[in-house]
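A quick write-up on the structure given underneath.
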Amino acid sequence: MADGGILFSLLPLDAFFGSRDEKVWRRDELLRDHTLLSVITMPDELFYPAAQKQVAGIIVKKGMPHPKEQAVFWARIERDGHLKIKSKRLPAQDLRPPRQELDQIPLVLNSLRSFVAAPGSVTVNVPKLCKTAPIDFDDPLLELLPEVYLETEMPSPTDLSNAVDSMVRETAAFLVRFGKESKVGALDGTD
């Protein structure tokens, strides 16, 4: 591939984190020799049933070291419109009867294309889906996973209230069940 060419490749997810050979590859080969344009984590069972390994797609520009201030397009595709049926992953719309399944690829694709064509011209930030942000070179592990960079959604007041109620019920049930046992153990000196 000529310098300045654009490459899309699928790699095992563990190439994007870890502190040993993976970090050396990220630092001393990938970012030193190429510009990272995008990292996209794919659905967990993308190649089901042939391979169970998680993968991420990267888009790089060959032959140009990655500028530290340049943004990268980070995306996390959890659902791609396919369902597992009888040991196969099939498009939900092609099933009989057709089924509905979320496909996040169209939600990301137009912004990704624009970003790859002109990095820096597109800025996105959709919590838990995609974001443009520079690489954190201060990260001692130099992780290049989108999950490190994506924003999380703020929980609603209802979600927070439900979570607190659930924790209070679980704590009360624990104390009712095990509170007597711990007091008995403390009283006879077996605790």
* Asked: By counting other Cβ atoms within 10 Å of each Cβ, how are M154, M42, M64 ranked from fewest to most?
  -> M154, M64, M42
* To do: Give the total of Lys-Lys pairs in the chain with Cα-Cα distances below 21 Å; include a pair only if its members are 8 or more places apart or on different chains.
  => 9
* Note, ³J(HN,Hα) from phi for the range 12-27, Karplus 6.51, -1.76, 1.60, rounded to Hz, x at Gly and Pro -> x, 4, 5, 6, 9, 8, x, 10, 9, 4, 5, 5, 4, 4, 4, 6
* Mean Cβ count within 10 Å, highest first, over the residues of peptides 130-141, 28-39 -> 28-39, 130-141
* **Chain lengthening between D80 and R177 when straightened (0.36 nm per residue, less Cα-Cα)** => 30.5 nm
* Structure fact -> To the nearest 10 degrees, the tilt of helix 105-117 (Cα long axis) against the first principal axis of the alpha carbons of the chain is 40
* Asked: Over all pairs of distinct alpha carbons, what does the Kirkwood formula give as the hydrodynamic radius of the chain, in Å?
  -> 20.0
* Length released on extending from L11 to Q93, taking residue separation times 0.36 nm less the Cα-Cα span -> 26.7 nm
* To do: Would you mind ranking F73, F8 by Cβ crowding within 10 Å, fewest neighbours first?
  => F8, F73
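Only the coordinates and a few stated rules stand behind these numbers; no lab work does. Nothing here was measured: the structure is a model prediction, and the numbers come from that model. Positions of Cβ are backbone-derived with ideal geometry, glycine not excepted, and every protein chain shown enters the neighbour counts.
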